[in-house]
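Below: one structure, written as structure tokens.
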Amino acid sequence: MSKLIVIVALMIASAAVASTDEGLKNNNGQREKEKKEAENESLPLKVSEGIDFHLSRILQSEQKDSHKEGSSNYIFQAADLGSAKAVQRIAYALLFGDHFPQNIGTAKTLFESLAKEGFPRSQTALGFMHAAGIGFHQNQARALVYYTFAGLGGDLRAKMILGYRYWSGINMPKNCEAAVIQYRKVAHHVAKKLSSVQHGEVDLVRILETPENYSTKTGIMDLDLYQYYKFLAERGDIQTQLTLGNLHLYGGKGLERDSHKAVYYFSKALNAGSTNAIAFLGKMYFEGTEATPQDNETAFHYFKLAADRGNPIGLTGLGVMYLYGKGIPVNYTMALRYMKKAAEKDWMDGIFHLGVIYLFGFGVPRDLKVASRYFAFASKHGHHLSHYYLAEMYATGKGAQRSCDIAVKLYMEVCKFGSWSEMFLSAYFAYKEGDMDSALVQYLLLGEMGFEEAQSNAAYLLESNVSQIFRAAEMYPLAFLQWRRAAAQGYALARIKIGDYHYYGYGTDVDYEAAVIHYRLAAEQQGSAQAMFNLGYMYEQGKGLKKDIHLALRMYDMAVATSSDAHFPVLLATCKLSIVKLFRDYQNSREEELLPAPKRKKGRSGRPRKKGKKPAQAPAPIRGEPEHSAPMREQPEHPAPQGGDYPLLPSLPLEELELPPPPEGAELQLLKPASPRTAEPAMPGEACSPSPGEACSPSPGEACSPSPGGFVVSSRSICTSGNSGSRAQEKGAATGKGEEVRPPPPAIDALLEYAAPLSLPE
């Protein structure tokens, strides 16, 4: 052992012991008193009221006074004598701030000295400090080296960390098979310490979801609530007596395990006639506790009393004793009979043991498929040993189709029951007492081991900016990393948090599209109402998605249908949308009132045309250009000047203009002066060109348009319907009647008459 370790340990020990000498003396006297009173008690049915002296140890938060100081004294004495394990425990206490003020620098020095001498737990601690950036610059590669050596040395925490990294692909390629190997070793060690007839629960608390006072089913019991339950139990409430007995027996809801208190409350319930209390006392004698030494004969007596009254706990207990020959000869037939009766009452222990009977063929033909069905049913209801046996079947492919991923998930459930689960309570009580750094370090270590609840708690503390360990600039990137790991394990709120970080740019760049992706995942996969509301807002604002008010309202409605808690925020959002929509509709109506109303054109019958496709109309002719019955060509891309669809040619002398050649087959016709004769009235069916001031009345189906300037175009008629113009021209030529003499048109008009049938260059 290095001298540095002993010197540092002695310095810490002397400082702590000097401040707690008087408290330790009082504590030692109290311990002797408690021991003497415990020895003088009668255990099974008549438990004295004097057992209440254990009440001072009920809550974990109250243990930091005398009892922990007493245990610290022994650790210091062991370190003074050169015990490496004692120094290692002191280093962890300094790292977590447990028993002593948190001192990361001293803990780092101790761990480095111990790791050089090959202590696996110290190597795990150094790997964690490098991975989290505590005491070192963050270095995942070096952390992986430390974890690997610690895992090879047999440290279970390091094996869990390696298993989680292999399974999630953190700084290494994803390898499910390697994860199974690591998790299987840890789960095997944990399963050996789990009882086949004992139900212990792990309090995995999420800080973000906890109310101010912990009184929920899965939360930590508040001291006031405990006092209320104690009052009810003393008044004779049997259900409360059984509840408190179970909590003290297994240490649930943050209460410390206390077999004496468990016996006290079970005895009260037994005296009131509770068969469950009889069965629980049988379990305590069967397993053996501090208050009830192991006694198969007494256990069989209690189990038999409960089983005769049809209690499933008693039936299972008798079945286990017959199955394994505990105090009685092995009898597989009786074991199977009792287990089936317990299973008929949906007792998970009975169903699990039926799976064991068929797995090993105890008194029945071995049937792995039947065993796997029993294990699967019990596993769905949270039976811890069923998780382990079912994981073994999926990992080996015996009795179930081999699935590496399912095996890893089941092994992880078993690993939650390891001794490190007590760190959850320690971290939570540190948080409640305001020691944020101590809680954060413990949650970060549990998060490294793959506990999603710990990752969420660490991320929450980091983003709250309450820690003194990390710089302010490091908080959000580290929180973002923890949220990502928690979201990968299916936690919906963590997925929403990632979307928020992308939306606001916390610890990463602002990316609305990425935020939409994470919100959509939380909404579709986890059915999160919060994610649906966020998507509605994104649709409303047009951020990351095309702006769509209708889809926004749809997402808001889905959020309300998913959770009633979304009713009020959705109400506010829809009111806002309604007000905006009314304002826009008002603006649009005002704009429509200011615009002139479009005129509806009438058809030939004088009635308004029906709505539908309007007939194509030819553009107005240029001055001097004859109208055609065929549609005009498309307009050029350049804008047309006022007065026509095509630009006019420049007004130059005729001899200076370069005229394009006429198209092949076109007959060139120039305007000719009209004869001096007076024009006669046009015959019916002929084209007419009225004199100034006269009206033109064309034949039915024809349209008549006077020539510009009163001149008649001799090449074609200006009426647009059919070929009536050509017929009128032929008839006029046959009769030989002349037309009114008009002055000749200007040269530019003659030019336009000539060039009109041709296409102008663009």
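Protection proxy ranking of 502-511, 583-592, 92-101, by the mean of other Cβ atoms within 10 Å over each peptide's residues and highest first, is 92-101, 502-511, 583-592.
Overall form of segment 104-173: oblate. Here a/c, set by the Cα gyration tensor axes a ≥ b ≥ c, is 1.5 or more, and a/b is not larger than b/c.
Atom-type composition of the exposed protein surface of segment 213-342 places 49 percent of the accessible area on carbon and sulfur (1.4 angstrom probe).
Of the peptides 330-342, 557-569, the order by per-residue mean of other Cβ atoms within 10 Å, starting with the highest, comes out as 330-342, 557-569.
Here the label points at Tyr512 and Lys547, each 7 Å from Cα along the C-beta direction, are separated by 1.0 nm in the simple model. Computed over segment 474-577, the percent of Cα pairs more than 20 Å apart is 37.
Volume per residue for segment 374-481 equals 106 cubic angstrom (convex hull of Cα atoms). The loop-placed trypsin sites (Lys or Arg not before Pro) in segment 453-546, going by DSSP, that have at most 10 neighbouring Cβ atoms within 10 Å of their Cβ come out as Arg471, Lys546.
For segment 338-352 and segment 149-186, write down the distance between their C-alpha centroids in whole Å. Between the Cα centres of segment 338-352 and segment 149-186 lies a distance of 36 Å.
Overall, segment 325-447 carries a charge dipole of about 820 debye about its Cα centre when +1 sits on the Cβ of Lys and Arg and -1 on the Cβ of Asp and Glu, all other atoms neutral.
Charged side chains reduced to their Cβ positions (Lys and Arg at +1, Asp and Glu at -1) give segment 504-592 a dipole of some 160 debye around its Cα centre. Neighbours of Thr148, meaning other residues whose beta-carbon lies under 12 angstrom from its beta-carbon, give a summed charge of +2 when Lys and Arg score +1 and Asp and Glu score -1.
Taking 7 Å steps out from each Cα toward its Cβ at His301 and Tyr228 produces label points 3.9 nm apart.
The values are calculated or read from the model by the stated rules, or taken from the named source; none is laboratory data. Note that the structure is predicted; figures quoted are calculated from it, not measured. Heads up, the Cβs are rebuilt from the backbone with ideal geometry, glycines too, and the neighbour counts pull from every protein chain shown. Heads up: the accessible areas ignore ligands, DNA and RNA and are worked out on the full protein's heavy atoms, side chains in. Shrake-Rupley method; radii C 1.70, N 1.55, O 1.52, S 1.80 Å.
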